[in-house]
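Here is the structure we will look at, set down as structure tokens.
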Amino acid sequence: MKVGEYLRVPYLVTAQSVERPDGSWARHVEHPELPDCTAEAESIVDALTQLETKRIETVVSLLKSGRTPPMRPYLLGDVQARQRVRRAGLAEKIEPLWDTDASSMRVG
């Protein structure tokens, strides 16, 4: 499979409001299917934006370590997935990898 196909997987998102030690509240979001793929911010929009960046980085990191990210029987469209990469500010880093065979990503 190509790297771009793994980046098209629509992972489950969970969200909850959590109280911080100082008494303020934050929105905590995560992709429970991916290791350590969480984000927290005051606004849900900011938390989800951070989570999207973390998802992309986590999937690429898993591939580089030789592990296969969880898959689904359906994928997001190619254009939609590429737009998510651009919005996350990772286009320069990820676009060159998009059509790379994921098995060739392994480092070490």
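Things worth noting here:
- Residues that are among the aromatic types (Phe, Trp, Tyr) and within 12 Å of GLU40 (Cα to Cα), drawn from the stretch 1-28: TRP25
- Count of the stretch 68-97 residues which are under 13 Å from the mean Cα position of the chain (by Cα), exposed (fewer than 13 other Cβ atoms within 10 Å of the Cβ) and over 30 Å from VAL18 (Cα atoms): 0
- Residues located in the stretch 6-54, provided they are in contact with a His (Cβ under 9 Å, 6 or more places away or on another chain), outside any loop (DSSP other than H, G, I, E, B) and of a type in the set (Ser, Thr, Tyr): THR14, SER17, THR38
- Taken over the stretch 82-108, residues that are part of a loop (DSSP other than H, G, I, E, B) and either of a type in the set (A, V, I, L, M) or touching a helix residue (DSSP H, G or I) at 6+ places or on another chain (Cβ under 8 Å) (or both) amount to 8.
- Put simply, of ARG106, ARG84 the only residue that is within 20 Å of VAL29 (Cα to Cα), touching a residue at least 24 places away in the same chain (Cβ under 8 Å) and of a type in the set (Lys, Arg) is ARG84.
- Any hit, the stretch 69-81, residues being in contact with a Leu (Cβ under 6 Å, 6 or more places away or on another chain), part of a loop (DSSP other than H, G, I, E, B), at pLDDT 95 or above and closer than 15 Å to ILE94 by Cβ: yes
- When ALA41 is tested against (1) more than 14 Å from the chain's Cα centre (by Cα); (2) under 23 Å from ARG86 (Cα atoms); (3) surrounded by fewer than 15 Cβ atoms within 10 Å (Cβ to Cβ); (4) not hydroxyl-bearing (Ser, Thr, Tyr), exactly one condition is not met: (3).
- Checking each residue in the stretch 45-67 for being surrounded by fewer than 14 Cβ atoms within 10 Å (Cβ to Cβ), on the phi < 0 side of the Ramachandran plot and either among the hydrophobic types (A, V, I, L, M, F, W, C) or touching a residue at least 24 places away in the same chain (Cβ under 8 Å) (or both) picks out VAL45, SER65.
The values are calculated or read from the model by the stated rules, or taken from the named source; none is laboratory data. All values reported here derive from a predicted model rather than from experimental measurement. Note that each Cβ is placed from the backbone with ideal geometry, even for glycine, and that neighbours are counted across all protein chains shown.
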